[in-house]
Structure formats: structure tokens, C-alpha cells
Amino acid sequence: MIRRIVRFWADLWAGRIPLADAFWTYAVIWGFFINVVATLASLGLVAAEAPNWVALAVNFAPLPWNILVLVGVWRSAAQPGIPRSVAVAARTITCIWTIALSAT
């Protein structure tokens, strides 16, 4: 199980995941879900008067995922056969998406 997860992360990081999967499944869908959960948990901690550093740590916990997905989409867009316009669009949208999700 752990080896499969590590292999997946390595494949995503190296750009060996198809661009459509890297972009839609991992950047858009999972990225949105992970960041919304972290934001809600962070807000819950603030409402519960937890220490601010704990709420901030929870809020920024998805940052490694966001970076992994950004690099994965970027490298997947460089695969042979990907049209330049699609690669540029995927990279641009993923950069903007990553910044937006990481800032909330």
C-alpha cells in the first residue's frame, strides 16, 4: 500500500501521469477537496479558540500537495503529443489554481 502511494507520488512528480488525469483529477478535483477541508478545519480551530499557530499549520498543510500537483501537471504537459496550446493552458490554469487555493 505504502509503495503504491510513493510510486504514485513519484509518477506524478515526474510527469508520468497523463495530463488529463494530472490536471482534472489531481489538481482540480482533489486539490479543491483537500484545500476546502483544510480551510474549514482551520476555521473550526479558530472558532474553537485553538492557538493561532495550529490553525495556520492546518491551513497550510495542503501546500506540499499543491506543489506536487503543480509540478506534476507542468511536467505532464511536456509529454510528447500534447499540443502546445493545451500545455500552455494547463500550466497557466494550474498555476493560477494553485495560487488561489494556497491563498485561502
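Data overview
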read-out: Selection from region 83-104 of residues that are over 14 Å from residue 20 (Cβ atoms) and among the aliphatic types (A, V, I, L, M); value: 88, 96, 99, 100, 101, 103
read-out: Flag for residue 81 being of a type outside the set (D, E, K, R) and in a helix (DSSP H, G or I); value: no
read-out: Inter-residue pairs, beta-carbon under 7 Å, first of a type in the set (Ser, Thr, Tyr) and in region 31-51, second surrounded by fewer than 13 Cβ atoms within 10 Å (Cβ to Cβ), 6+ apart; value: 39/104
read-out: Failed item in (1) part of a helix (DSSP H, G or I); (2) without any contact (Cβ under 8 Å) to a residue 12 or more places away in the chain, with residue 13 passing the rest; value: (2)
read-out: Any hit, region 7-17, residues being exposed (fewer than 12 other Cβ atoms within 10 Å of the Cβ) and touching a Lys or Arg at 6+ places or on another chain (Cβ under 9 Å); value: yes
read-out: Residue among 54, 86 that alone is in contact (Cβ under 8 Å) with a residue 24 or more places away in the chain, in a helix (DSSP H, G or I) and farther than 19 Å from residue 9 by Cβ; value: 86
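Residue-wise test of (1) out of contact with any Ser or Thr (no Cβ under 6 Å at 6 or more places or on another chain); (2) surrounded by 15 or more Cβ atoms within 10 Å (Cβ to Cβ).
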| site | (1), (2) |
| --- | --- |
| 30 | yes, no |
| 35 | yes, yes |
| 39 | no, yes |
| 42 | yes, yes |
| 51 | yes, no |
| 65 | yes, yes |
| 75 | yes, yes |
| 88 | yes, no |
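Matching residues to (1) closer than 13 Å to residue 104 by Cβ; (2) modelled with pLDDT of 95 or more; (3) in a helix (DSSP H, G or I):
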| site | (1), (2), (3) |
| --- | --- |
| 33 | no, yes, yes |
| 37 | yes, yes, yes |
| 49 | no, yes, no |
| 67 | no, yes, yes |
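The values are calculated or read from the model by the stated rules, or taken from the named source; none is laboratory data. Values in this document were obtained by computation on a predicted structure and should not be read as measured data. Note: ideal-geometry Cβ built from the backbone for every residue, glycine included; neighbour counts use all protein chains shown.
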